[in-house]
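Working notes for the structure below.
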Amino acid sequence: MRLHQALPQVTCTIASTGADAPAAYNPSAQSRVGGPDMDMSRLGPRRGWRELAGELGVIVLGVFIALGADQAVSNWNQRNQMRELRAAIDNEVAAGLASWDARVVQEPCVESRLVELERWLRGWREGRPQRLLGPIYAPISGPSGTSVWESRDPAVMTQMPLDVKLAYGEIYDQFANNEVQRLDERMTWLSLAEFDGAERLDHASLMRLQGLITRARWRAQNISNNLQYVQGIARDMRIEPRRHEQFGRDNFKALCTPILPKQ
């Protein structure tokens, strides 16, 4: 007898229950839990877009108020600094005008000395030279300070009215121009001082003396005329020269003392 014929045939049927059976694929169920067909219209803030917009508006408004307040404080500080800067510039301009004016005050003595030198030169040319009674000397002068103007803060200058800035700029331009005039005048008078005690003047020396006299007079006229122009600008800004003791007339006595006998 064969083995498979001896064994009884056994068949098994597995009963499936709802709990144990695998779930069937349902496409519509996937859509409800966040699949590709999710309904976007249901997304949004809990309390609505209008309320969210209001909250954002409050935040933005607060930021603008904070920035505006910070800018207002900055402008207030800069205006105070501008007033302090103007006061310092006014003091510097007043001192510069005083120094310039101290040189111009000597103009009568300067012209008298140049007239004497012309008479001395003429005597040499006419064969009747004279001996100088003393040193030729030179006018006293000093620079006009510019340190305050040069150290000004550009941010503070933005608070200053345009016409005021232009007026200050013109004054300091004239200060710079006068410094060129002043230094050249000093060199001219130092060259004139080389004729102190001269006992013989040849033709070249006479021509050089004539050139120095002309140059000194030309510089003196420029210095005097330019000061009048600058004083007009300063006067409109209510700035007046502030004289100091070193600008007294006693310092000019040597220049005002004659160096030739009276005619």
Inset, instruction - Calculate the tail of P(r) for region 76-256: the fraction of all Cα-Cα distances greater than 30 Å, expressed in %. - result: 34 percent
Legend entry - Sequence ranges 147-160, 89-102, ranked by mean other-Cβ count within 10 angstrom, highest first: 89-102, 147-160
Inset, instruction - Would you mind computing, in nm to one decimal, how far apart the modelled labels at residue 253 and residue 91 are, each placed 7 Å from Cα along Cα→Cβ? - result: 3.3 nm
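Bear in mind these aren't lab numbers, they're just calculated from the coordinates by the rules spelled out. All of these numbers come straight from a predicted model, not from anything done at the bench. Note: ideal-geometry Cβ built from the backbone for every residue, glycine included; neighbour counts use all protein chains shown.
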